[in-house]
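Colleague: Pasting a structure below so you can have a look.
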Amino acid sequence: MMTLWMALIAGGIVALDQWSKYLTVANIGMYERVPVLDGVFHLTLLHNPGAAFSTFEGAQWLFALIFVVLTAAIVYELKHQKLGLKPFEWMMIAGVYGGGLGNMIDRVRMGYVVDMIAVDFMEFPVFNVADCFITVCGIALVVHLMFCNKDFWKDEKKK
């Protein structure tokens, strides 16, 4: 049952991410600035061949390898249930995975990731919907593991 929920969550995130990228590419020119919430954020189309801050540019093989390892780790844990993850934690993993899959689709199809959200109140790289899910769900997963799933940290269950 958890596998179905994870697939639905990840699939929904991929759909939302790809739809937002499609709308951006179809309606905004490269580097064009479209204000959304003045002083907070605007849209601007960028092609990012790397990761955050354009690091690892041209290392598409590295992103693919990380994604394959993440996929294998999730499948292994779903099958063996060694870590004792709770449903909320699985949902957050699905969120991170869905975001990663959304960006991986761009990398495979185009060789770069479409980014479009730019914040105005601080210096920060342009990002996309997938990045939002990767970041927010990743932080929520770590916080939940730290404060709400004390059993996760016990050594005897990992043997």
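The values are calculated or read from the model by the stated rules, or taken from the named source; none is laboratory data. Since this is a predicted model, take the numbers as computed values, not measurements. As a convention, Cβ positions derive from the backbone with ideal geometry for all residues, glycine included, and neighbour counts pool all protein chains shown. These accessible areas exclude ligands, DNA and RNA; they are computed on the full protein's heavy atoms, side chains included. Shrake-Rupley method; radii C 1.70, N 1.55, O 1.52, S 1.80 Å.
Colleague: Could you look through the stretch 76-97, keep only residues that are outside any helix (DSSP H, G or I) and out of contact with any Lys or Arg (no Cβ under 9 Å at 6 or more places or on another chain), and pick out the one that is least open to solvent (accessible area, probe 1.4 Å)? Lay out the reasoning, then the answer.
Modeller: Narrowing the stretch 76-97 to residues outside any helix (DSSP H, G or I): 81-86.
From the residues that got through so far, the ones that are out of contact with any Lys or Arg (no Cβ under 9 Å at 6 or more places or on another chain) too are 81, 85-86.
Details: GLN81: 92, LEU85: 27, LYS86: 78 Å².
By that ranking, first place goes to LEU85.
Colleague: Now, a different point. Does LEU4 meet the test of being modelled with pLDDT under 95 and open to solvent by 50 Å² or more (accessible area, probe 1.4 Å)? Before you say what the answer is, go through the steps one by one.
Modeller: On the way: modelled with pLDDT under 95: yes; open to solvent by 50 Å² or more (accessible area, probe 1.4 Å): yes.
When the stated conditions are applied, LEU4 passes them.
Colleague: Select from the stretch 124-159 the residues that are polar (S, T, N, Q) and at pLDDT 90 or above and write down the one among them that is farthest from GLY95 (Cα to Cα). Break it down stepwise before answering.
Modeller: Our first condition is that a residue be polar (S, T, N, Q); within the stretch 124-159, this holds for 128, 135, 149.
Imposing the further condition that a residue be at pLDDT 90 or above reduces the set to 128, 135.
Working: ASN128: 14, THR135: 9 Å.
The extreme case among them is ASN128.
Colleague: Looking only at the stretch 19-44, count how many residues are touching a Ser or Thr at 6+ places or on another chain (Cβ under 8 Å), open to solvent by less than 60 Å² (accessible area, probe 1.4 Å) and not in a strand (DSSP E or B).
Modeller: Taking the stretch 19-44 as the starting set, the residues that turn out to be touching a Ser or Thr at 6+ places or on another chain (Cβ under 8 Å) are 28, 31-34, 43.
Next, only the ones that are open to solvent by less than 60 Å² (accessible area, probe 1.4 Å) stay: 28, 34, 43.
This time we only want the ones that are not in a strand (DSSP E or B), so: 28.
Here the count works out to 1.
Colleague: If you don't mind, there's one more thing I want to ask. Taking the stretch 98-129 on its own, how many of its residues are part of a helix (DSSP H, G or I) and either more than 17 Å from GLN60 (Cα to Cα) or in contact with a Ser or Thr (Cβ under 6 Å, 6 or more places away or on another chain) (or both)? First the steps, then the outcome.
Modeller: Initially, the stretch 98-129 is screened for residues part of a helix (DSSP H, G or I), giving 98-110, 129.
Now restrict to residues that are either more than 17 Å from GLN60 (Cα to Cα) or in contact with a Ser or Thr (Cβ under 6 Å, 6 or more places away or on another chain) (or both): 98, 129.
Selection size over the stretch 98-129: 2.
Colleague: Within the stretch 128-152, track down each residue that is crowded, with 17+ Cβ neighbours inside 10 Å and either aliphatic (A, V, I, L, M) or free of Cβ contacts under 8 Å to residues at least 24 places away in the same chain (or both).
Modeller: Matches in the stretch 128-152: VAL129, ALA130, ILE134, LEU141, LEU145.
Colleague: In the list ALA73, ALA64, ALA15, which residue meets the criterion of being under 30 Å from VAL119 (Cβ atoms), open to solvent by less than 80 Å² (accessible area, probe 1.4 Å), free of Cβ contacts under 8 Å to residues at least 12 places away in the same chain and part of a helix (DSSP H, G or I)?
Modeller: On the way: ALA73 fails: under 30 Å from VAL119 (Cβ atoms); ALA64 fails: free of Cβ contacts under 8 Å to residues at least 12 places away in the same chain.
Of ALA73, ALA64, ALA15, the one residue that is under 30 Å from VAL119 (Cβ atoms), open to solvent by less than 80 Å² (accessible area, probe 1.4 Å), free of Cβ contacts under 8 Å to residues at least 12 places away in the same chain and part of a helix (DSSP H, G or I) is ALA15.
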